[in-house]
Amino acid sequence: MTQRTGYPDGAPCWADLNTPDLDGARRFYSGVLGWTFDEPVAEFGHYTTARLQGRSVVGVAPKMPDQQHLPSAWSVYLRTSDIEATVRKMADAGGNVFVPPMEIPGQGHMAFGFDSTGAAFGLWQPASHTGAQAFDEPGAMCWHEVNTREGEKADAFYRRLFPYEQQQIGDCKTFDYVVYHLEGTAVGGRMQMTAEWEGIPPHWMTYFRVEDTDPAAERVRQFGGKIMHGPFDSPHGRIAVVSDPYGAIFSIIGPAPTPAS
């Protein structure tokens, strides 16, 4: 068991969920991913931290009364050491700052907005809260990607914010995917949305690692969620896109099946 203590600027370092039913969400994610939860903090809108073996993995918060009309969703936060400067770059690059930088006392500073193609994401400047302490292991987030219909525009936007090295791994026709690297390490990706994504807005997708995708997908159903796509095999593992009981969509990924001998 290892504990991660930090992330480089530009890396997804945290994710959180807004949900209409905090108790129901805790039951679902405990059953599917094995999380335990801290007591909700009233002064922070009853925000609660999910944990694996005592290490933080994500946050979960109930919707505020004026948010009930908004869809339940997962949000990703990119780490920055200077949130004010990054927000200025965000605006200059064509993004939309929805929540300007604000301090979370004792924890750090956050901001939230939309990239130049309409995908929502957050920024996090850490103080005592340095990000998820468990990462890339069963039950923890392991990957994030922005899905958009304007791939080149999104690449240019994020390149203005952080020093990503962007590597095209698709053929740009049937599969247009760019991996974002920081100092040689892959930290996220960008997927070009095609006609098959009709009706789905641009968004960031959060992936959680599981030991075995198919049993995890069955747990999603068992605890009231839905399978949106898959499970299917990929070069990086077996993936399923799923929804919790309240409509928040995320992906799970486990090892590819071992070929029969």
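Please enumerate the residues belonging to the range 54-93 that are modelled with pLDDT of 95 or more and either over 21 Å from F121 (Cβ atoms) or of a type in the set (V, I, T) (or both).
G54, R55, V57, V58, V60, V76, T80, I83, T86, V87
Quick one: which residue in S81, S75, S30 is within 22 Å of V210 (Cα to Cα), outside any strand (DSSP E or B) and of a type outside the set (V, I, T)? Steps first, please.
On the way: S81 fails: within 22 Å of V210 (Cα to Cα); S75 fails: outside any strand (DSSP E or B).
S30 is the lone residue from the list that is within 22 Å of V210 (Cα to Cα), outside any strand (DSSP E or B) and of a type outside the set (V, I, T).
Do you know which of the residues in the range 48-69 that are farther than 17 Å from Y207 by Cα and under 17 Å from the mean Cα position of the chain (by Cα) is least open to solvent (accessible area, probe 1.4 Å)? If you could, list the steps in order and put the result at the bottom.
Keep residues of the range 48-69 that are farther than 17 Å from Y207 by Cα, which gives 48-49, 53-55, 61-69.
Still in the running and under 17 Å from the mean Cα position of the chain (by Cα): 48-49, 61.
Details: T48: 1, T49: 30, A61: 19 Å².
Restricting to residues being farther than 17 Å from Y207 by Cα and under 17 Å from the mean Cα position of the chain (by Cα), the top hit is T48.
Restricting attention to the range 26-47, which residues are among the hydroxyl-bearing types (S, T, Y) and either at pLDDT below 95 or open to solvent by less than 60 Å² (accessible area, probe 1.4 Å) (or both)?
Y29, S30, Y47
Just for the range 212-226: of the residues that are farther than 17 Å from S30 by Cβ and open to solvent by 10 Å² or more (accessible area, probe 1.4 Å), which one is nearest to the chain's Cα centre (by Cα)?
Among them, the one singled out is K226.
Could you check A50 against (1) closer than 22 Å to F208 by Cα; (2) modelled with pLDDT under 95; (3) in contact with a helix residue (DSSP H, G or I) (Cβ under 8 Å, 6 or more places away or on another chain) and say which number it fails?
All conditions pass for A50, except number (2).
Can you tell me which condition K89 does not meet? The list is (1) open to solvent by less than 60 Å² (accessible area, probe 1.4 Å); (2) over 25 Å from R4 (Cβ atoms); (3) outside any loop (DSSP other than H, G, I, E, B), and all the others hold.
Looking at each condition in turn, K89 falls short on (1).
If we only count strands (runs of 3 or more DSSP E) wholly inside the range 93-211, which ones have 1 or more residues that are small (G, A, S), open to solvent by less than 20 Å² (accessible area, probe 1.4 Å) and on the phi < 0 side of the Ramachandran plot?
108-114, 120-126, 185-192
Within the range 11-25, does at least one residue satisfy the condition of being surrounded by fewer than 21 Cβ atoms within 10 Å (Cβ to Cβ) and β-branched (V, I, T)?
No; the residues of the range 11-25 include none that is surrounded by fewer than 21 Cβ atoms within 10 Å (Cβ to Cβ) and β-branched (V, I, T).
Within the range 71-103, track down each residue that is β-branched (V, I, T) and free of Cβ contacts under 8 Å to residues at least 40 places away in the same chain.
V87, V97, V99, listed by residue number.
Taking the options W14, W74, name whichever one is in contact with a Phe, Trp or Tyr (Cβ under 7 Å, 6 or more places away or on another chain) and farther than 21 Å from K226 by Cα.
That would be W14, the only listed residue that is in contact with a Phe, Trp or Tyr (Cβ under 7 Å, 6 or more places away or on another chain) and farther than 21 Å from K226 by Cα.
The values are calculated or read from the model by the stated rules, or taken from the named source; none is laboratory data. Treat the numbers as computed from the prediction; the structure is a model and nothing was measured. FYI the Cβ positions are ideal-geometry reconstructions off the backbone, even for glycines, and counts take in every protein chain you see. In case anyone asks, the SASA skips ligands and DNA or RNA and just uses the protein heavy atoms, side chains included. Shrake-Rupley method; radii C 1.70, N 1.55, O 1.52, S 1.80 Å.
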